[in-house]
Ligand SMILES: NC(=O)c1ccc[n+]([C@@H]2O[C@H](COP(=O)([O-])OP(=O)(O)OC[C@H]3O[C@@H](n4cnc5c(N)ncnc54)[C@H](OP(=O)(O)O)[C@@H]3O)[C@@H](O)[C@H]2O)c1
C-alpha cells in the first residue's frame, strides 16, 4: 500500500500550518515542529491527528532529533516541506546588525540543509522536497538583507539538490508563495491591510496542486501549476 507521510518544518502558524492542515485533510500523515512550546501546544489542541514537537531547525542536534522523532512515528518520508524561516530586519547592509544576519542565515539556510540531510536516508524514489522560497530570492530588493540572501541560497540549494537527486527519482521544488496573509508578512509590511492579501490556505492549495502535477524539478511561483 502506498503511504503518504510528510515532514513540514515551522507548521505552527502561517503557511506551514495551512500546509499541515491541507495534507491531513487529504489523508497524509504529517509531522511538524516549531521553536515555541505554546505554539505547538495550540496546534496539537487544534489538530489532534498531527505529530508535532518543539524543535529549532537551526540547531544541528535539534534538527536531527526532529527527523528521528518523525521517523519513529511515521516510519518513512514521502514529502519534505522546508517551510520554517525568519525575516530578520529590513534595513540597509550598512546598518544590518551582525547577530540578526547570522541568525537569519542559521534558520533559513542551515536549517534547510540540516533537515534535508537528515531526511534523505528515509526518502525513496518518487519522494518530493519542497523548499519555501520568495520573490526576494529571485530579484535583488534593497533592504531585504539576510532574508534575500538566504532565499537566493534556498533557490541555489534547490537546484543543487535537484541535480544530485535526479538519479534517485526524487523531485525538488523551490516554491515562491508570493505575498500571503501571515505574521511574517505583517512584520515586513506593518502599514499594509492584511485583508488585501491571499490567506495561507490558498498557498497550501497551490502547493498541493504542484505535488499532484509532478512537474520537473525546478523553481515555481504561486499558481504556476493550475
Ligand atoms: N508570508 C509571505 O508573504 C511569504 C512570502 C514569500 C515567502 N514566504 C516564505 O514562506 C514560509 C512561511 O512563511 P510565513 O509567512 O508562514 O511565516 P510565519 O508566519 O512567520 O511562520 C513561520 C513558522 O516557522 C516557525 N519557525 C521559525 N523559525 C523556526 C526554527 N528555527 N525552527 C523551527 N520552526 C521555526 C514559526 O514558529 P515558532 O515561532 O514557534 O518557531 C512558525 O510556525 C517562509 O519560508 C517564508 O520565507 C512567505
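Observations
- Percentage relative contact order, the chain, counting C-alpha pairs under 8 Å, at least six apart: 20
- What the Cβ-Cβ distance of residue 47 and residue 183 gives, at R0 = 22 Å and to the nearest 0.05, is a FRET efficiency of 0.75.
- Alpha carbon convex hull of the chain, projected area averaged over orientations, nm²: 12.2
- Residue-span extension gain [residue 61 to residue 205] - 0.36 nm each, minus C-alpha spacing: 48.6 nm
- Between the alpha-carbon centres of the range 1-75 and the range 162-226 there is a gap of 18 Å.
- Rounded to the nearest 10 degrees, the angle from helix 14-25 to the longest Cα principal axis of the chain is 20 degrees.
- With Cα atoms, 0 to 90° folded angle of helix 37-46 axis to the chain main axis: 50
- Spin-label model, residue 198/residue 93: points 7 Å from Cα along the beta carbon direction are separated by 3.2 nm.
- Dividing the summed -39500 (n - 2.57) terms of all DSSP H runs of n ≥ 4 by the residue count of the chain sets its mean residue ellipticity at 222 nm at -13000 deg cm²/dmol.
- The alpha-carbon positions of the range 1-84 define a convex hull whose volume is 80 Å³ per residue.
- Based on the Kirkwood approach, the hydrodynamic radius assigned to the range 31-80 is 11.2 Å, with every pair of different Cα atoms included.
- Coarse-grained scattering of the range 119-211 at q = 0.20 Å⁻¹, given as base-10 log I(q)/I(0) from a Debye sum over alpha-carbon atoms: -1.04
Throughout, read-outs are computed from the coordinates displayed, never taken from laboratory work. This structure is a prediction, so every number in the text was calculated from the model and none was measured. Please note: Cβ atoms are built from the backbone with ideal geometry, for glycine as well, and neighbour counts cover all protein chains shown.
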